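What follows is one structure encoded as structure tokens, with my remarks underneath.
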């Protein structure tokens, strides 16, 4: 299990936000390489760990930038809309850590995250395999997966 600990003096206001990279899934990358196709560059983003989100979410334009087709669709409810149809994509997230980065491959729902300072939500589908420690008194959080 790899871990990252982040200290943020604005933790209460900003929440547990971290830098990550999102890209096409490993198996698709291998397929591109075999076919000598150009592999889309990974996209750097800011992700918020959100224990209130049942599924991980990515800004809706990111899969398009990676040239991906949806693997399905789902209906979501948010504080601003209900029964909104969104597409799902199989993606790889890498959270850089000095010695051993955190890797996760799974389904992300593409949703508009307009007006927010994030590009991604890390939901309980990703957290189910890990440990999240939020220490408000030290302005730190640790994510282990």
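Entry remark, the stretch 5-28: residues being assigned to a helix (DSSP H, G or I) and within 20 Å of residue 110 (Cα to Cα) number 2 in total. Taken as a whole, the structure leaves residue 47 outside the set of residues that are part of a loop (DSSP other than H, G, I, E, B), in contact (Cβ under 8 Å) with a residue 60 or more places away in the chain, touching a strand residue (DSSP E or B) at 6+ places or on another chain (Cβ under 8 Å) and under 26 Å from residue 26 (Cα atoms).
Restricting to the stretch 112-134, what's the tally of residues that are part of a strand (DSSP E or B), in contact (Cβ under 8 Å) with a residue 12 or more places away in the chain and over 11 Å from the mean Cα position of the chain (by Cα)? Adding up the residues that qualify gives 3.
The rows are residues; the columns are (1) closer than 21 Å to residue 144 by Cα; (2) modelled with pLDDT under 95; (3) out of contact with any helix residue (DSSP H, G or I) (no Cβ under 9 Å at 6 or more places or on another chain); (4) surrounded by 12 or more Cβ atoms within 10 Å (Cβ to Cβ).
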residue	(1), (2), (3), (4)
7	yes, no, no, no
18	yes, no, yes, yes
27	no, yes, yes, no
49	yes, no, no, yes
60	no, yes, yes, yes
75	no, yes, yes, no
91	yes, no, no, yes
95	yes, no, yes, yes
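Only a single criterion out of (1) buried (at least 16 other Cβ atoms within 10 Å of the Cβ); (2) in contact with a helix residue (DSSP H, G or I) (Cβ under 9 Å, 6 or more places away or on another chain); (3) at pLDDT below 95; (4) closer than 20 Å to residue 19 by Cβ is not satisfied by residue 117, namely (1). Which one of these is at pLDDT 95 or above and surrounded by 14 or more Cβ atoms within 10 Å (Cβ to Cβ): 132, 111? Step by step, each of 132, 111 is checked, and only 132 is at pLDDT 95 or above and surrounded by 14 or more Cβ atoms within 10 Å (Cβ to Cβ).
Which members of the stretch 70-83 meet the condition of being touching a strand residue (DSSP E or B) at 6+ places or on another chain (Cβ under 8 Å) and part of a loop (DSSP other than H, G, I, E, B)? Selection gives 70, 71, 77, 78, 83. For residue 55, the criteria (1) more than 17 Å from residue 122 (Cβ to Cβ); (2) surrounded by 17 or more Cβ atoms within 10 Å (Cβ to Cβ) hold in every case but one, which is (1). As a summary of the residue check, residue 100 satisfies the conditions (1) at pLDDT below 95; (2) loosely packed, with under 14 Cβ neighbours inside 10 Å; (3) in a strand (DSSP E or B) except for the one numbered (3).
The values are calculated or read from the model by the stated rules, or taken from the named source; none is laboratory data. Keep in mind it's a predicted model, so treat the numbers as computed, not measured. All Cβ positions, even for glycine, are placed from backbone atoms using ideal geometry, and neighbour counts span all protein chains on display.
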